[in-house]
Amino acid sequence: MRVRGHCPGCGTDRLLPGRDTDGTPVCRDCADITRDFFCDRCGFEGLLLGRRLCERCTLADTLTRLLDDGTGRIAPSLLPLVTTLLEMDRPKSRLIWLRNPNIVRLLLGLATGAIPLTHEGLHQETPWRTVVHLRDLLIDSGVLPRVDRQLMLYQRWLTERLIIIEEPEHRRLLHHFATWHQMRRLRAKAEKSPLGRSQTNQVKQEITQAGAFLAWLADRSGTIEHCRQADLDAWHTEKLATRRPAQTFLRWCMRTGRMPRLTLPPQVINQDQAPLHQHRRLVMLRRALNDDSLPERTRVAAALVLLYAQSVTRIVGLTLDDVTDDGTTVTVRLGDPPSPLPEPVADLMRSYLRSHQHLTCASSRSSRWLFPGRQPGQPMNPASLQDHLRKGGVPPQRGRTSAIRHLVLQAPAPVIAKALGYHDKTATRLVTEAGGTWSRYAPGDHTR
């Protein structure tokens with residue numbers, strides 16, 4: 001009942017519920033099926049539910065019932081949400097979603113005004129995952145103004161995290177740290193570009209490890225005001241990598257006079273993340289460009305990692321507007337100016353843009369992300385794209401490191417940094433680590 005296409009018997013494009021003698025799908029007329037599958041309301045041929053209505057008409061009736069504002073009509077403010085839901089692919093998934101009792105309660109509350117149709121009103125509702133998905137739909141349909149999703153999720157997480165801290169002084173100190181340091185930085189970044197999950201995950205780790213340090217210090221009969229160098233050394237002796245995020249909190253405490261100025265251990269380079277050999281990187285790139293068994297999404301992402309040294313977080317942040325094709329050259333806006341894609345990478349990108357996979361996702365038709373996610377109006381989760389790359393034989397971090405080290409040896413670091421969106425200092429440091437010579441000209445008079 002979900003197989004559609006051109007019937008080999010009569011050549012019409014319609015539902016193919018029958019099978020011929022060879023097992024090939026055919027239409028009901030060619031299969032001599034007497035029952036018809038046309039919706040009594042809209043005439044669409046497909047799976048019929050109660051009252052002989054198709055799934056989309058059934059969805060429309062369900063939404064009309066749930067979003068009734070008490071006058072027998074859909075609340076006018078929620079009409080754009082109804083339009084968005086009805087335009088989505090797979091109406092069956094929306095019908096299943098509407099069976100959730102929490103969704104029913106939230107929609108009824110929004111329609112009748114019991115729940116304010118604002119971000120603040122939804123912020124008070126539970127469960128938070130259900131509320132977040134509904135909020136994404138409201139934003140994507142234009143009912144609610146756009147806000148930074150990751151910042152909003154972090155604020156909710158922070159509220160729940162601070163509640164479980166028993167010591168009032170610890171809770172107060174962490175609240176001040178989050179308010180006057182973390183939130184200021186996150187808001188400043190969000191004004192420039194949408195926050196990524198990695199950024200909010202980092203600040204979550206800072207809060208978690210800061211709270212762990214305060215509890216650990218209290219067990220040693222100490223307070224942050226009387227912290228000693230021996231305490232910091234002992235804290236970092238065990239599980240250095242796990243406890244390192246607390247250093248942001250410790251530096252803030254030192255800078256604001258909440259603890260003595262002490263010495264923190266230096267960063268240790270993880271040798272397991274050594275860059276790939278140049279030959280190995282090119283082998284991976286060749287496979288990404290030529291192996292048709294890999295999904296196009298994985299192949300395009302692998303090319304951006306291995307050729308242009310882009311992080312997975314930045315790749316999922318690309319939109320369709322960042323890719324331009326004038327018929328001769330395909331460019332991607334990674335920095336300034338946009339970077340041209342060489343063949344056959346350009347052909348791969350054209351093929352990917354022609355596919356419907358990046359234009360439509362299960363939850364939103366209006367998505368402009370180059371790598372759309374499953375949540376309405378949201379890009380693909382960076383962790384999911386990392387998994388796809390690893391399954392395709394491409395280690396994202398090591399491949400990116402190998403690519404950028406090779407690039408900074410081919411051109412001046414500032415040029416590479418500007419073209420690929422890197423910071424000048426980062427590119428210069430990579431030149432030094434790679435043994436480059438762009439910044440090591442011999443001294444003396446070079447006019448002779």
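Is it true that some residue in the range 156-166 is of a type in the set (Asp, Glu) and either within 25 Å of LEU232 (Cα to Cα) or outside any helix (DSSP H, G or I) (or both)?
yes
Scan ARG185, ARG197 and give me the residue that is charged (D, E, K, R) and surrounded by 14 or more Cβ atoms within 10 Å (Cβ to Cβ).
Exactly one residue qualifies, and that residue is ARG197.
Restricting attention to the range 65-78, which residues are within 32 Å of the chain's Cα centre (by Cα) and surrounded by fewer than 14 Cβ atoms within 10 Å (Cβ to Cβ)?
Of everything in the range 65-78, just one residue is within 32 Å of the chain's Cα centre (by Cα) and surrounded by fewer than 14 Cβ atoms within 10 Å (Cβ to Cβ), namely PRO76.
Would you call LEU110 surrounded by 14 or more Cβ atoms within 10 Å (Cβ to Cβ), outside the structural domain of TRP369 (by TED's automatic domain parsing), among the aliphatic types (A, V, I, L, M) and under 18 Å from the mean Cα position of the chain (by Cα)?
No, not satisfied.
Filter the range 209-222 down to residues that are in contact (Cβ under 8 Å) with a residue 40 or more places away in the chain and surrounded by fewer than 15 Cβ atoms within 10 Å (Cβ to Cβ), then give me how many there are.
Residues flagged as in contact (Cβ under 8 Å) with a residue 40 or more places away in the chain and surrounded by fewer than 15 Cβ atoms within 10 Å (Cβ to Cβ) within the range 209-222 amount to 2.
Identify, please: which residue in the range 122-132 is of a type in the set (A, V, I, L, M) and more than 15 Å from the chain's Cα centre (by Cα) and is, among those, surrounded by the most Cβ atoms within 10 Å (Cβ to Cβ)?
Among residues in the range 122-132 that are of a type in the set (A, V, I, L, M) and more than 15 Å from the chain's Cα centre (by Cα), the one surrounded by the most Cβ atoms within 10 Å (Cβ to Cβ) is LEU122.
Does PRO344 qualify as being within 22 Å of ILE416 (Cα to Cα) and of a type outside the set (Ser, Thr, Tyr)?
The answer is yes for PRO344.
Could we say that GLY392 is at pLDDT 70 or above, small (Gly, Ala, Ser) and crowded, with 16+ Cβ neighbours inside 10 Å here?
Judged against the criteria, GLY392 is a match.
I'd like to know if the range 107-123 contains one or more residues that are among the hydrophobic types (A, V, I, L, M, F, W, C), without any contact (Cβ under 8 Å) to a residue 60 or more places away in the chain, outside any helix (DSSP H, G or I) and in contact with a Gly (Cβ under 6 Å, 6 or more places away or on another chain).
Yes, the range 107-123 has at least one match.
How many residues are modelled with pLDDT of 75 or more and either surrounded by fewer than 23 Cβ atoms within 10 Å (Cβ to Cβ) or basic (Lys, Arg) (or both) if we restrict to the range 361-376?
Count: 5.
Kindly establish whether VAL131 is β-branched (Val, Ile, Thr), closer than 24 Å to LEU106 by Cβ and part of a loop (DSSP other than H, G, I, E, B).
Spelling it out, it is not the case that VAL131 is β-branched (Val, Ile, Thr), closer than 24 Å to LEU106 by Cβ and part of a loop (DSSP other than H, G, I, E, B).
Which residue pairs have Cβ atoms closer than 6 Å, lie 6 or more positions apart in sequence or on different chains, and pair a first residue in the range 135-149 that is among the charged types (D, E, K, R) with a second residue that is part of a helix (DSSP H, G or I) and at pLDDT below 90?
ASP148/ALA190
Which residue pairs have Cβ atoms under 7 Å apart, sit 6 or more places apart or on different chains, and have a first residue in the range 344-373 that is closer than 28 Å to ARG286 by Cβ and among the small types (Gly, Ala, Ser) and a second that is surrounded by fewer than 19 Cβ atoms within 10 Å (Cβ to Cβ) and at pLDDT 50 or above?
Close Cβ pairs (under 7 Å, with a partner that is surrounded by fewer than 19 Cβ atoms within 10 Å (Cβ to Cβ) and at pLDDT 50 or above) amount to SER351/GLU296; SER355/GLU296.
Select from the range 15-65 the residues that are out of contact with any strand residue (DSSP E or B) (no Cβ under 8 Å at 6 or more places or on another chain) and of a type in the set (A, V, I, L, M) and list them in ascending order.
Across the range 15-65, the qualifying residues are LEU49, LEU53, LEU59, ALA60.
Yes or no: the range 281-299 includes at least one residue that is assigned to a helix (DSSP H, G or I), assigned by TED's automatic domain parsing to the domain that holds ASP336 and touching an Asp or Glu at 6+ places or on another chain (Cβ under 8 Å).
yes
I'd like the residue in the range 31-58 that is in a helix (DSSP H, G or I) and over 35 Å from the mean Cα position of the chain (by Cα) and, out of all such residues, is modelled with the lowest pLDDT.
Checked the range 31-58; the qualifying residue modelled with the lowest pLDDT is GLY50.
Which residue, of ARG135, ARG94, is closer than 16 Å to PRO376 by Cα, in contact with a His (Cβ under 8 Å, 6 or more places away or on another chain) and surrounded by 19 or more Cβ atoms within 10 Å (Cβ to Cβ)?
It is ARG135.
Taking ALA303 as meeting all but one of (1) in contact with a strand residue (DSSP E or B) (Cβ under 9 Å, 6 or more places away or on another chain); (2) not assigned by TED's automatic domain parsing to the domain that holds ARG354, write down the number of the exception.
The number of the failed condition is (2).
Out of THR58, THR34, report the one residue that is of a type in the set (Ser, Thr, Tyr) and touching a residue at least 24 places away in the same chain (Cβ under 8 Å).
Only one candidate qualifies: THR58.
The values are calculated or read from the model by the stated rules, or taken from the named source; none is laboratory data. Note that this is a predicted model, so its numbers are computed, not measured. FYI the Cβ positions are ideal-geometry reconstructions off the backbone, even for glycines, and counts take in every protein chain you see.
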